[in-house]
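For reference, the structure is listed below as C-alpha cells.
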Amino acid sequence: MQPPTHFLDGALGAAAMLDGTVLFLPAEFASRVQFGWTISVHILFAALSIGLAPFIIYFTWKDIRTGSERYARLRSFWLKVFAAGFVMGTVTGIPMSFQFGTNFPGFSALAGELIGGPLAFEAKMAFFLEAVFLGVLLFGREKVSDRTYFLSSVLTGFGAWLSGFWILVVNAWMQTPQGYEMITRNGMEVAKLTDPIAAFFTPRMTWMYVHMINASVIAVALLVAGVAAYIVWKKRDAKAWHTALKIAVLLLIVAAPLQAVHGDAYGRHVEDTQPQKFAAMEAHYETGTADLHLFAIPTSPDAIMNPSEENLFAISLPRVGSFLASGGDFDAVVKGLDEYEQNPPVPLVFWSFRIMVGLGFLFIGLAFWGGYLIYRDRLSDSSLYLRAMIAASPLGYAALLTGWYVTEIGRQPWVVQGELKTGEAVSSTLSSTEATLSLAAFVVIYIGLVVAALYTLRWLIEDELDELGAEPAPDDHWYGPIPGVTSDD
Amino acid sequence: MTNPLLLPVDTYLVDSLPEIWFGVIMFALAMYIVLDGFDFGIGMLYATRDDEADRETMLAAFGPIWDANEVWLIAFGTMLLAAFPDVYSRLLADNYLIALGFVLALLFRGVGPELREQREDESWQRACDWSFVGGSTLAPFLFGVLAGSWVFSVGAISLPAILTGVGLVAVSAVTGAAFLAAKTGPALAGEMRDLGILATVAYLAGVVVLLAVVIVTDAGGTAGTILSLPGIAIVGLSVVAGLGGIVLALRDSYRAWLVSALALPTLLSALVALLLYPAIYPATASGAELTVETAVVSPLALNLTTVLGFPVLVVVLWYFKFLYGVFSGPIEAEGYGA
C-alpha cells in the first residue's frame with residue numbers, strides 16, 4: 001500500500017508532467033525555507049509580547065495607583081495591540097512545534113529528550129500563565145479587584161518572558177549542545193540526557209536570553225515611540241502620548257547601548273564556540289590573521305552575493321580580528337571557511353550581521369538624541385525627531401530578524417552544532433509535492449496575516465485619533481521634505 | 001555530573017512511570033478535545049445565526065477562553081515530544097498535510113474573531129465570519145482524521161480516519177450547543193438545544209457506522225479491543241451519555257446536559273487510549289510498531305519532566321478553575337455577566 005503521506009503525488013505529479021511547467025522544490029530546501037519563513041513571522045509576535053510586557057505592567061500600575069486617565073488610555077491601547085499580537089503569536093507558534101515533527105522528524109527523534117522537556121515546560125509553565133491571565137486582563141477589569149488585576153498584568157508579562165526562556169534553552173542547546181551522550185534506541189542514534197543542568201544552561205543560554213529580551217524591548221520601544229510620535233504629530237496636545245514617547249525613549253537610552261556592549265562580548269563568545277559561524281559573519285575565507293571589518297559597503301554588485309575584500313569598501317582594523325580572537329596576539333591564526341567541508345551561505349550571514357550592527361548604532365544615536373531633547377524639555381516639539389522616530393518604528397524588528405538570521409543561518413549546515421546536519425533531520429517520507437504545497441500555503445497565508453496585523457495597528461491608531469477628538473490634521477505628511485531640503489533641490 | 005534534584009539516573013521514579021505518562025498525555029488530549037471542542041462547536045453553530053446580537057453573544061462566549069483552551073493542544077504535543085519523541089516525529093511526518101492543514105485551520109479560527117472586531121465594515125466582517133466558521137469546522141475534522149489515522153493505522157485517506165474526523169466535528173457541535181444553552185438567555189438556548197439534539201443523533205450514528213466499519217475490516221487490528229469488556233463499556237457509556245443528554249436537553253436542564261455532553265469527548269479520548277495501548281504507535285510505512293515501553297525516553301529525562309512538570313500541571317488546573325470562575329456568569333452580547 002502506498003504511504004498515506006504521498007496521496008497527492010500521483011495527481012499533481014501527473015499534472016506537472018502534462019504541461020511541464022509546474023515545478024516542485026526539493027523537500028529539504030522547501031522545509032528549510034518554510035521553517036525560516038514561518039519562524040520569521042512568528043518571532044515578530046513573540047517579540048511583541050516580550051517587549052510590550054514591561055509597558056503593560058507599568059501602565060497598569062500607574063493607572064491603578066494614580067487613577068489617571070492618561071495611563072488608562074495607554075494601557076487600554078497597548079493591551080489591544082498585545083492581545084492581537086498574542087492571538088497571532090499563538091496561531092503562528094503552533095505550526096513551529098508541529099514542523100519539528102512534520103518536516104524535521106530526524107531532529108525531534110534525535111534530540112527529543114533534550115528539547116521535549118523545555119518545550120513542554122514552556123507550554124505548561126509559561127504559555128498557560130500568559131493565556132489565562134491575559135483573558136482576565138482583557139475582559140476582567142470590572143470583575144476582579146485592582147490588586148488581582150495588577151497581578152494579572154505581572155503574570156501575563158512574566159509568562160511572556162518565561163516563554164522566551166524555555167524556547168531559548170532549546171535554541172541555545174542547538175548552538176552549544178552539552179549534557180547528553182549519543183546512544184542507540186530502536187536502531188536509531190539518539191541523544192540521551194545525562195546532565196539536566198548542563199543541558200538547560202548551555203554556554204550560549206545566558207548570552208542569547210539577555211540579547212533576545214533586550215532586542216525585543218528595543219524593537220517594541222521603537223514601535224511604541226513611533227506610534228506615539230505619529231499621534232503627537234497628528235494631535236499635538238495628546239498628553240498621554242507625550243508620556244508614552246518619553247517612556248519609550250528613556251527605555252531606549254538604557255537598552256540600546258546595553259545591546260551594543262553586550263553584543264560585542266557575545267560576538268567573542270560565538271568566535272570561541274562556533275568559529276565557522278564567526279568566519280561567515282566576517283567573510284573570513286582563508287585561515288590566517290584576521291582583520292576586523294568595522295564597516296563595509298559593496299563596491300560592485302558581486303559583493304552582495306559574494307562579499308570579499310576585493311569588492312568591499314571596508315573600514316578595517318588590520319589584524320585586530322586576530323587580536324580579539326586570541327586575547328592579545330596580533331599574529332594569531334583565525335580559522336577560515338576553507339577549513340570546513342560545508343559552509344553556511346556567507347552573503348546572508350555577512351550582510352545580516354552588518355545590517356543588525358548598523359541599525360544598533362542608529363538606535364543608540366536616536367536614543368541619545370531623544371535624551372538630549374528630554375533634557376531640553378523639547379521631546380514632543382521637535383518635528384524632525386518625531387519624524388525620525390516614525391520612520392524608525394519598524395527598524396527594531398529589522399535588527400531582530402537579521403540578528404536571528406546570523407544565528408540560525410550561520411549555524412548551517414548543522415541543526416544541532418557538530419551533531420546533526422539539517423539535511424539529515426528532514427523527513428525521508430516527505431515528498432517535494434507536499435513540501436512545496438505547504439510552503440506555498442504558508443507564504444500566502446502568512447503574508448495575509450502580516451498585512452492584517454499591520455492594518456489592525458493602523459485601525460487602532462485611527463480609532464485613537466478619533467477618540468482624541470477631531471482637530472485639523474497638519475496638511476503635510478510626516479514623511480514630507482525635511483526642513484532645509486525642499487523638493488525643488 | 002551535576003544532578004541537584006537527586007533524581008534516579010538509571011531507573012524510573014516508579015516502575016510504571018512510562019504508563020503514567022501515557023495516561024497524562026491522553027488526559028491532555030481529552031482536555032483538548034473537550035475544551036477546544038466546545039470552542040469549535042461555538043464556531044460551527046455561529047453559522048446558523050444571522051442575527052447580529054446572537055453572533056455577538058456567541059463571540060463573547062468564545063473570547064476569553066479559547067486561547068487558554070487551545071494551549072492544551074500544545075501541552076499534548078510537547079508532552080508527547082518530551083516522553084515519546086519517536087511517536088511525535090512519526091505521527092506528524094506520516095500525516096504531513098493533515099497536520100499542517102489542521103494548524104492552518106486553527107489559524108483561521110483564531111484570527112477571524114480577533115480581526116472582526118477591529119472594523120465595522122460589513123464585507124470585512126463577513127470575511128472574518130467565514131474564517132471563524134470554516135476554521136472551526138475544518139480543525140476538528142482534520143484533528144479527528146489525524147487521530148483516526150494514528151489509531152487505525154490505515155492512512156489518513158481511509159474510511160475509519162474520515163469517519164473519526166466527522167465524529168469529532170459532530171461531538172464538538174454537541175458540546176458547543178450545550179455550552180451555549182447553559183450560558184445564554186432562553187431564546188438562543190432553545191435554538192441551541194434543538195441543534196444540539198440533532199448533533200447528538202448524528203454523533204451516535206457516526207460512532208455506530210465507524211465501529212461497524214472498523215469491526216468488519218479489523219482496521220489496525222482494533223476489532224478485538226473494541227469488542228472487549230472495556231471497549232464495550234466505553235461505547236455503552238457514550239450511548240447512555242448521548243441519549244441521557246437528549247432527555248436532559250428536552251427538559252431544559254442545560255447545566256446537567258452540559259455535563260453529559262462533555263462526557264462524550266472524554267469517552268472518545270478514553271477509546272483512543274484503549275485502542276492504542278500497550279502500543280503507542282502502530283506499524284506504518286515509516287517503521288515498526290512502537291510500544292509505550294520501547295518508545296519512552298531514558299529514565300533521567302522522564303524523571304526530570306515528571307518532577308518539574310507534574311506540580312505545574314496541578315497549578316494549571318487551578319488556573320483553569322480560576323479562569324472559568326471569573327467568567328462563570330451568563331453571557332450577553334456585551335460579555336460575561338457578574
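Kindly evaluate B:V239 against the criterion of being of a type in the set (A, V, I, L, M, F, W, C) and surrounded by fewer than 16 Cβ atoms within 10 Å (Cβ to Cβ).
Yes; evaluated as a whole, the condition is true for this residue.
I'd like the full set of residues that are within 20 Å of the chain's Cα centre (by Cα) and aromatic (F, W, Y), limited to segment A:354-397.
Answer for segment A:354-397, where residues must be within 20 Å of the chain's Cα centre (by Cα) and aromatic (F, W, Y): A:F361, A:F363, A:Y397.
Mind listing whichever residues of segment A:408-439 are under 23 Å from A:P344 (Cα atoms), surrounded by fewer than 22 Cβ atoms within 10 Å (Cβ to Cβ) and polar (S, T, N, Q)?
A:Q412, A:Q417, A:T422, A:S428, A:S432, A:T436
Filter segment A:171-200 down to residues that are assigned to a loop (DSSP other than H, G, I, E, B) and more than 10 Å from chain B (Cβ to nearest Cβ) and give me whichever is nearest to the chain's Cα centre (by Cα).
A:T176
For every residue, the table says whether it meets (1) over 17 Å from B:G220 (Cβ atoms); (2) at the interface with chain A (Cβ under 10 Å from one of its Cβ atoms).
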residue	(1), (2)
B:L267	yes, no
B:L274	no, no
B:P278	no, no
B:Y281	no, no
B:L300	yes, yes
B:L304	yes, yes
B:F310	yes, yes
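Quick one: would you say B:D10 is charged (D, E, K, R) and in a helix (DSSP H, G or I)?
no
For a quick check of your reading: which helices (runs of 4 or more DSSP H) sit entirely within segment A:234-348 and have at least 3 residues that are out of contact with any strand residue (DSSP E or B) (no Cβ under 8 Å at 6 or more places or on another chain) and of a type in the set (S, T, N, Q)?
Counting at least 3 such residues, we get A:239-273.
Look at segment B:84-103 and say how many of its residues are more than 7 Å from chain A (Cβ to nearest Cβ) and either without any contact (Cβ under 8 Å) to a residue 40 or more places away in the chain or assigned to a helix (DSSP H, G or I) (or both).
4
Against the definition (more than 24 Å from A:R411 (Cβ to Cβ) and either surrounded by 19 or more Cβ atoms within 10 Å (Cβ to Cβ) or touching a Phe, Trp or Tyr at 6+ places or on another chain (Cβ under 8 Å) (or both)), how does A:I297 come out, yes or no?
Considered against the rule, which asks whether it is more than 24 Å from A:R411 (Cβ to Cβ) and either surrounded by 19 or more Cβ atoms within 10 Å (Cβ to Cβ) or touching a Phe, Trp or Tyr at 6+ places or on another chain (Cβ under 8 Å) (or both), A:I297 comes out as yes.
Of the residues B:I280, B:I234, B:I215, B:I226, only one is within 30 Å of B:D86 (Cα to Cα), out of contact with any Lys or Arg (no Cβ under 9 Å at 6 or more places or on another chain) and free of Cβ contacts under 8 Å to residues at least 24 places away in the same chain; which?
B:I215
Criterion first (in contact with a helix residue (DSSP H, G or I) (Cβ under 8 Å, 6 or more places away or on another chain), among the aliphatic types (A, V, I, L, M) and within 12 Å of another protein chain (Cβ to nearest Cβ)) does A:L168 satisfy it?
Answer is no for this residue.
Out of the residues in segment B:196-220 that are of a type outside the set (A, V, I, L, M) and in a helix (DSSP H, G or I), state the one that is farthest from B:V247 (Cα to Cα).
Going through the qualifying residues, I end up with B:G220.
For segment B:104-124, enumerate the residues that are facing chain A (nearest Cβ under 7 Å) and touching a residue at least 12 places away in the same chain (Cβ under 8 Å).
If the condition is that a residue be facing chain A (nearest Cβ under 7 Å) and touching a residue at least 12 places away in the same chain (Cβ under 8 Å), then B:L106, B:L107, B:G110, B:V111, B:L115 are the ones that fit.
Considering B:A61, B:A28, B:A75, B:A53, which residue is of a type in the set (G, A, S) and either assigned to a loop (DSSP other than H, G, I, E, B) or facing chain A (nearest Cβ under 9 Å) (or both)?
B:A75 is the lone residue from the list that is of a type in the set (G, A, S) and either assigned to a loop (DSSP other than H, G, I, E, B) or facing chain A (nearest Cβ under 9 Å) (or both).
When the residues of segment A:134-147 are narrowed to those that are within 8 Å of chain B (Cβ to nearest Cβ) and part of a helix (DSSP H, G or I), which ends up surrounded by the most Cβ atoms within 10 Å (Cβ to Cβ)?
It comes out as A:L134.
Computed from the coordinates by the stated procedures, all read-outs in this text should not be read as laboratory data. Since we're looking at a predicted model, the values are computed, not measured. Please note: Cβ atoms are built from the backbone with ideal geometry, for glycine as well, and neighbour counts cover all protein chains shown.
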